[in-house]
Amino acid sequence: MPIDAAKALAAEPRTGEITWTAKDVQLYHLGIGAGANPDKDSPATDPDELRYTLESRLHVLPSFATVAGAGSPGVISGLSMPGIDVDLAKVLHGGQTLRIHRPLPAEGTATATGRIAAVYDKGKAAVLVMRTEVTDADGPLWTNDAQIFVRGEGGWGGDRGPSTRLEPLTGEPDRTVERPVRADQALLYRLSGDYNPLHADPEFAKLAGFDRPILHGLCTYGITLKAVVDTLLGGDVTRVRGYTTRFAGVVYPGETLRIRMWRREGEVRVAVSAVMGVPPLERSRERGREDAPVLADTIVQHS
């Protein structure tokens, strides 16, 4: 069988050193739209945006952890582990969970240890959980789990795993914001380390079943966290304790994200959809993407 669950779970963890600089953090922040906040009159020079882009006052959005060190995203790392031999065309990034142990420094060197933490049998598919734990000289920094969905690889009678679906959100959101996605957003975001041609090459995107390149799911993930921090957490990145989501759909560069937020005790529930596509808007409507879900079962835990 292409996935040998026992072998994958028993494999020795892979450990390596990662390093990042303030320039890497600034590039990541630009890649998720920092300096272009439509809620600001002059976003590029607004103090609230400069904390993401100016090295003298740089704060690190915790989702930077998904690209720190410019290494391969967890999905790619997971597919190269022992016991895993699957067709890339059957692979989807199903979800992401990030746990923050202390605020991320603007530059640093750390040790990243990655392993397959779980393999679940969903019947028609398998789900791999690629866990990366990062520590520096002062102790744990973050733990990152990438949920890797592999179509057609289930059915061996293994553990189905826990359900990640949350109770449906009810009532009107406490806040709703919209964040335009630039036409070149994926081209900028990929410079932080994810060079998958699906996000840049039109011919490759067509082979994967899309009419044009799509935005990285982790870019949407970062845009969403920034919106929550800026809107409901007073711009304080150090308040974030955890962040989890399920990728429910794709985003095309040029669309706009509608981010709905519900306050709860110690957390914010979030739902994200793509509400329009340009150019041309008519094509987006033909695809039924006037309010298409892209992130679901999303929680930002905070102090």
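Checking each residue in the stretch 236-259 for being closer than 19 Å to Leu92 by Cβ and open to solvent by less than 10 Å² (accessible area, probe 1.4 Å) picks out Thr245, Val251. Scanning the stretch 162-201 for residues that are more than 21 Å from Gln147 (Cα to Cα) and charged (D, E, K, R) gives Glu172, Asp174, Arg175, Glu178, Arg179, Arg182, Asp184, Asp201.
Restricting to the stretch 203-235, count the residues that are crowded, with 17+ Cβ neighbours inside 10 Å and part of a loop (DSSP other than H, G, I, E, B). Before the answer, list the steps.
Residues of the stretch 203-235 crowded, with 17+ Cβ neighbours inside 10 Å: 205, 213-233.
Now restrict to residues that are part of a loop (DSSP other than H, G, I, E, B): 213-216, 233.
Of the residues in that region, 5 qualify.
The lone criterion from (1) out of contact with any Asp or Glu (no Cβ under 7 Å at 6 or more places or on another chain); (2) open to solvent by less than 70 Å² (accessible area, probe 1.4 Å) left unmet by Leu166 is number (1).
For the stretch 84-116, what are the residues that are surrounded by 15 or more Cβ atoms within 10 Å (Cβ to Cβ), of a type in the set (Gly, Ala, Ser) and under 30 Å from Lys206 (Cα atoms)? Once the filter is applied, which keeps residues that are surrounded by 15 or more Cβ atoms within 10 Å (Cβ to Cβ), of a type in the set (Gly, Ala, Ser) and under 30 Å from Lys206 (Cα atoms), the stretch 84-116 yields Gly94, Gly95.
The single condition from (1) buried (at least 16 other Cβ atoms within 10 Å of the Cβ); (2) hydrophobic (A, V, I, L, M, F, W, C); (3) modelled with pLDDT of 95 or more that Leu54 fails is (1).
So for the stretch 54-76 (the condition being at positive phi, in a helix (DSSP H, G or I), in contact with a strand residue (DSSP E or B) (Cβ under 6 Å, 6 or more places away or on another chain) and not polar (S, T, N, Q)), does at least one residue qualify?
Within the stretch 54-76, the subset at positive phi is 69-70.
Now narrow it down to the ones that are in a helix (DSSP H, G or I): 69-70.
Next, only the ones that are in contact with a strand residue (DSSP E or B) (Cβ under 6 Å, 6 or more places away or on another chain) stay: 69.
From what is left, the residues that are not polar (S, T, N, Q) are 69.
Yes.
Which one is farthest from Thr66 (Cα to Cα), of the residues in the stretch 6-15 that are of a type in the set (A, V, I, L, M, F, W, C) and either surrounded by fewer than 14 Cβ atoms within 10 Å (Cβ to Cβ) or free of Cβ contacts under 8 Å to residues at least 60 places away in the same chain (or both)?
Ala6
Apart from one condition, Thr135 fits all of (1) surrounded by 15 or more Cβ atoms within 10 Å (Cβ to Cβ); (2) within 19 Å of Leu79 (Cα to Cα); the exception is (2).
Can you say whether Arg182 is under 21 Å from the mean Cα position of the chain (by Cα), in a loop (DSSP other than H, G, I, E, B), within 27 Å of Ile223 (Cβ to Cβ) and charged (D, E, K, R), as far as the supplied structure shows? The answer is yes for Arg182.
I want to confirm something. Restricting to the stretch 16-44 and keeping residues that are over 30 Å from Thr109 (Cα atoms) and without any contact (Cβ under 8 Å) to a residue 40 or more places away in the chain, which single residue is most open to solvent (accessible area, probe 1.4 Å)? If we take residues in the stretch 16-44 being over 30 Å from Thr109 (Cα atoms) and without any contact (Cβ under 8 Å) to a residue 40 or more places away in the chain, then Asp41 is most open to solvent (accessible area, probe 1.4 Å).
Taking Asp138 as the residue in question, decide whether it is within 17 Å of the chain's Cα centre (by Cα) and not hydrophobic (A, V, I, L, M, F, W, C).
On the way: within 17 Å of the chain's Cα centre (by Cα): no; not hydrophobic (A, V, I, L, M, F, W, C): yes.
No.
Being within 25 Å of Gln26 (Cα to Cα), modelled with pLDDT of 95 or more, out of contact with any helix residue (DSSP H, G or I) (no Cβ under 8 Å at 6 or more places or on another chain) and not hydroxyl-bearing (Ser, Thr, Tyr), is that true of even one residue in the stretch 145-152? There is no residue in the stretch 145-152 that is within 25 Å of Gln26 (Cα to Cα), modelled with pLDDT of 95 or more, out of contact with any helix residue (DSSP H, G or I) (no Cβ under 8 Å at 6 or more places or on another chain) and not hydroxyl-bearing (Ser, Thr, Tyr). The number of residues in the stretch 115-167 being assigned to a loop (DSSP other than H, G, I, E, B) and at negative phi comes to 16.
The values are calculated or read from the model by the stated rules, or taken from the named source; none is laboratory data. The model shown is predicted, which means the values in this text are computed figures rather than measured ones. With ideal geometry, Cβ positions are generated from the backbone for all residues, glycine too; neighbour counts draw on all protein chains shown. SASA here: full protein model, heavy atoms, side chains in, ligands and nucleic acids out. Shrake-Rupley method; radii C 1.70, N 1.55, O 1.52, S 1.80 Å.
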